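Just so it is clear, none of the values below were taken in a lab; they were calculated from the coordinates. These numbers come from a predicted model, not from an experiment. For neighbour counting, all protein chains shown are included, and Cβ atoms are generated from backbone atoms with ideal geometry for every residue, glycine included.
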Amino acid sequence: MHIQTKLIQGGISEDPTTGAVSVPIYQTSTYRQNAVGQPKEYEYSRSGNPTRFALEELIADLEGGVRGFAFAFASGLAGIHAVFSLFQSGDHILLGDDVYGGTFRLFDNVLTKNGLEYTIVDTSNLAQIEEAIQDNTKALYLETPSNPLLKITDLKAGAAIAKNHDLLTIVDNTFATPYFQKPLELGADIVLHSGTKYLGGHSDVVAGLVTTNNQELAEQIGYYQNAIGSVLGPQDSWLMQRGIKTLSVRMEEHQKNAYAVAELLANHPEVEAVYYPGLTTHNNHEIAKQQMSGYSGMVSFTLKNDADAIPFVEALQLFILAESLGGVESLVEIPSVMTHASVPKEKREKAGIKDGLIRLSVGIEYAQDLLDDLNQAFTQLKNH
Ligand code: PLP
């Protein structure tokens, strides 16, 4: 079945009891049991809830995971935390150098307290992955495209190196979504998402999703989901499903507008560099073309003069100055002081995240309105 159909009819797309075509919101914490020790299908909503389960089945379907092997969490970070509960004190992880700031903070300030070790690696450079592997390395964790520099890692080759050394490959697929990229099919073991972004798609819900095609991993992640308890509630599970139904049409529009924005920026004299994997000038455009069916809607760039970054974003009117991404509306932010402020300056700069880097989440408004907004902000800069 094509993903465009799966988005709408995949997972559990209707209520088996009543035939309701929208899965009901099962707003219940517990379930009547038939007799002592004889629960029905569900016992308690931390361990399982039908609305959440419908969403979990849907994401498993979309990522090419296995039914029953997907899990929904209260946020993307809650999902990442549950995944890293798989590891033990003394285990070592290779962490992409350009990941969401909150993911870095989780490693640096929380997981290390539990004894996990990590090395930061530019995963778009396969030799660096190979070189950083130690005897106690257990996993390769990366984003592709990455946040905020839109770096592309060759997933097939990266996962093959990991497999050779008995490491798990864990991919944050938030930026691409399963509509444009399926990491499990390219060799990843676990795929996760901040569902808050494109999957939800309307900037109205915070959620995390994790899926795998490996039974042992699924059992363990399911165990930690229940044991830690950071589950997604039924209302938010329903909102996620509603958002996902329109993912294909939204992603096509995001991509179309992002292309137009990236081209405008690439041709503007005030712009120093543009990062968008869809541009043929992107370092790893050819790999992106092979492993993705589209390039999504995130564009980052720097101006020739770093000090112009703040006045520029403040001059924008349609692009809303806000954290997060992936909603229907266009957003703008400066990673160094917003989404990636928790990454120390020297680590940010080593990864190439300059203080003046600007990140756009290009929405699905009328493209020319977005281009006009950028142009008027450039004009205001000139008149300063
Ligand atoms: N992964 C990526 C790529 C993100 O951009 C974010 C948040 O911005 C997260 C994970 C964390 O997700 P959440 O904010 O839903 O906890």
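Laid out as a table, the results:
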item: GLN27 versus LYS163: modelled label distance in nm, points set 7 Å from Cα along the beta carbon direction; result: 4.7 nm
item: For the stretch 104-176 and the stretch 346-362, distance of Cα centres in Å; result: 19 Å
item: Normalised contact order of the chain, rounded percent, pairs of Cα under 8 Å and 6 or more residues apart; result: 17 percent
item: Max mean-square fluctuation residue, GNM over the chain, Cα-Cα springs under 10 Å, options LEU232, LEU149, LEU374; result: LEU374
item: Gyration tensor verdict on the stretch 85-133 (Cα atoms; rounded if a/c is under 1.5, prolate if a/b is larger than b/c, oblate otherwise); result: oblate
item: Computed over the stretch 1-93: relative contact order in percent, which uses C-alpha pairs under 8 Å that are six or more apart; result: 23 percent
item: Per-residue [θ]222 nm for the chain (sum of -39500 (n - 2.57) over DSSP H runs n ≥ 4, rounded to 500); result: -10500 deg cm²/dmol
item: Eligible aspartates and glutamates near LYS156 by straight Cα distance, threshold 17 Å, same-chain separation 8 or greater; result: GLU63, ASP122, GLU130, GLU143, ASP166, ASP172, GLU185, ASP189, GLU286
item: Choice from GLN255, GLN181, GLN33 showing the highest fluctuation, given a GNM over the chain with Cα pairs closer than 10 Å; result: GLN33
item: Cα-based shape type of the stretch 120-195, given that a ≥ b ≥ c are square roots of the gyration tensor eigenvalues and the cut on a/c is 1.5; result: prolate
item: Estimated vicinal HN-Hα couplings, Hz - the stretch 22-29 in sequence order (Karplus 6.51, -1.76, 1.60; Gly, Pro = x); result: 10, 4, x, 8, 7, 7, 9, 9
item: Cut-off 19 Å (backbone N to label point 7 Å along Cα→Cβ of VAL249), residues of the stretch 194-220; result: 198-204
item: Relative contact order (%) - criterion: Cα under 8 Å, at least six apart; region: the stretch 187-339; result: 23 percent
item: Derived scalar couplings ³J(HN,Hα) [the stretch 75-82; Karplus, 6.51 cos²θ - 1.76 cosθ + 1.60; whole Hz; x for Gly, Pro]; result: 6, x, 5, 4, x, 5, 4, 5
item: In range of the label at HIS268: residues from the stretch 363-380 whose backbone nitrogen is under 16 Å from the point 7 Å along Cα→Cβ; result: 363, 367-380
item: Vicinal HN-Hα couplings computed from phi for the stretch 3-16 (Karplus, 6.51 cos²θ - 1.76 cosθ + 1.60; Hz; Gly/Pro x); result: 4, 4, 7, 4, 4, 9, 10, x, x, 10, 9, 8, 7, x
item: Spin-label proximity, LYS156 to the stretch 266-307 - amide N less than 11 Å from point 7 Å beyond Cα toward beta carbon; result: 287, 290-292
item: Whichever aspartates and glutamates have a C-alpha closer than 14 Å to that of LYS354, once near sequence neighbours (fewer than 8 apart) are set aside; result: ASP97, ASP98, GLU272, ASP306, ASP308, GLU333, GLU346
item: Gaussian network model of the chain, Cα within-10 Å springs - most flexible of GLN291, GLN128, GLN241; result: GLN128
item: Of LYS289/LYS345; LYS138/LYS197; LYS256/LYS350; LYS40/LYS163; LYS6/LYS113, those spanning more than 30 Å from alpha-carbon to alpha-carbon; result: LYS289/LYS345; LYS256/LYS350; LYS40/LYS163; LYS6/LYS113
